[in-house]
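Supplied in structure tokens, the structure appears directly below.
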Amino acid sequence: MTNTSIDALDTTQGTAPTTWGDPFALGLASFGISALVLATVMSGIVDAAALPAVLPLALALGFATELVAGLVHFRRGETFPALVFTAYAGFWLSYALLVQFYGPMVTSGGAEITGMFLLAWAVFTTYMLLAALRTNTTTIVIFVLLAGVFYLAAFGSFLGSAALGQTAGYVLILDALVALYASAAIIVNTTWDRTVLPVP
């Protein structure tokens, strides 16, 4: 079959959208779902022995679909959400690798290097919070809570404090719920073509 005849059978030519859809709701949902499940383990609501079951979700949603959302934002020329989702996709992948493969190899200094891992993400989240101050209240709240999670978890690791780690888990639950609400608001308001769920 020639290229001409193939083209003749392609009834979709010329009808493809010229713009990319907004992936923000996807990125928020990916983060919110992954964070919510992880937070139940961090807080002690679910036994810590269940942590390996969180990793497939971290890879499939936290890493893969957040990465997709970030790349689409880059394609749309939206640097802030693009950096947010691609960077935190990297967090989820590195977290899963650390827990499943590399963490168990560490024979000394495990608490210190885990603390540094978390502190580095706390620093990143802090300057992303500074950028978020130019957005909206909901986004600011998400980053304030997330920065709190990383600082609490980092110092919990440095100090060997289970209480700080569990507190970080409860803060992450709240953060995940805010992110999921924001995701729901975006998609519900879009499909209803009016404000059903307000986003301050």
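What about ALA154, is it open to solvent by less than 60 Å² (accessible area, probe 1.4 Å), in contact with a Gly (Cβ under 6 Å, 6 or more places away or on another chain) and not aromatic (Phe, Trp, Tyr)? Spell out how you get there, then give the answer.
Values: open to solvent by less than 60 Å² (accessible area, probe 1.4 Å): yes; in contact with a Gly (Cβ under 6 Å, 6 or more places away or on another chain): yes; not aromatic (Phe, Trp, Tyr): yes.
Yes, satisfied.
Can you tell me which condition LEU118 does not meet? The list is (1) in contact with a helix residue (DSSP H, G or I) (Cβ under 7 Å, 6 or more places away or on another chain); (2) within 25 Å of GLY21 (Cβ to Cβ); (3) open to solvent by less than 50 Å² (accessible area, probe 1.4 Å), and all the others hold.
If we test LEU118 against (1) in contact with a helix residue (DSSP H, G or I) (Cβ under 7 Å, 6 or more places away or on another chain); (2) within 25 Å of GLY21 (Cβ to Cβ); (3) open to solvent by less than 50 Å² (accessible area, probe 1.4 Å), just (2) comes out false.
Something else: Return the residues of the stretch 36-66 that are crowded, with 20+ Cβ neighbours inside 10 Å and under 21 Å from GLY21 (Cα atoms); say none if nothing qualifies.
Residues satisfying the conditions are LEU61, GLY62, PHE63, THR65, GLU66.
Oh, and also: Among the residues of the stretch 158-195, write down those that are open to solvent by 20 Å² or more (accessible area, probe 1.4 Å), among the polar types (S, T, N, Q) and part of a helix (DSSP H, G or I).
GLN166, THR167, ASN189, THR190, THR191
Name the pairs whose Cβ atoms lie under 8 Å apart, with the first residue in the stretch 34-47 and farther than 15 Å from TRP92 by Cα, the second among the charged types (D, E, K, R), and 6 or more positions between them or separate chains?
VAL41/ASP47
With respect to VAL199, is the statement that it is in a helix (DSSP H, G or I), over 27 Å from ALA53 (Cβ atoms) and open to solvent by 40 Å² or more (accessible area, probe 1.4 Å) true? Even if it seems obvious, please write down each step before you answer.
Details: in a helix (DSSP H, G or I): no; over 27 Å from ALA53 (Cβ atoms): yes; open to solvent by 40 Å² or more (accessible area, probe 1.4 Å): yes.
So VAL199 fails the test.
Also, quick follow-up: Please work out if LEU28 is without any contact (Cβ under 8 Å) to a residue 60 or more places away in the chain and not polar (S, T, N, Q).
Details: without any contact (Cβ under 8 Å) to a residue 60 or more places away in the chain: no; not polar (S, T, N, Q): yes.
So LEU28 does not fit the description; no.
Being among the hydrophobic types (A, V, I, L, M, F, W, C) and open to solvent by less than 80 Å² (accessible area, probe 1.4 Å) is the filter here; which residues of the stretch 128-143 pass it? First the steps, then the outcome.
First, the residues of the stretch 128-143 that are among the hydrophobic types (A, V, I, L, M, F, W, C): 128-133, 140-143.
Result: MET128, LEU129, ALA131, ALA132, ILE140, VAL141, ILE142, PHE143.
Consider THR125 carefully, then state whether it is closer than 19 Å to PHE24 by Cβ and either surrounded by fewer than 20 Cβ atoms within 10 Å (Cβ to Cβ) or in contact with a strand residue (DSSP E or B) (Cβ under 7 Å, 6 or more places away or on another chain) (or both).
Here the answer is no, as THR125 does not meet what is asked.
Right, another one. If you scan the stretch 68-115, which residues turn out to be over 24 Å from VAL37 (Cα atoms), in contact (Cβ under 8 Å) with a residue 24 or more places away in the chain and open to solvent by 60 Å² or more (accessible area, probe 1.4 Å)?
Passing the criteria: ARG75, ARG76, GLU112.
The values are calculated or read from the model by the stated rules, or taken from the named source; none is laboratory data. Nothing here was measured: the structure is a model prediction, and the numbers come from that model. No Cβ is skipped: glycine too gets one built from the backbone with ideal geometry, and neighbour counts run over all protein chains shown. We work out accessible area using only protein heavy atoms, side chains counted, and drop any ligands, DNA or RNA first. Shrake-Rupley method; radii C 1.70, N 1.55, O 1.52, S 1.80 Å.
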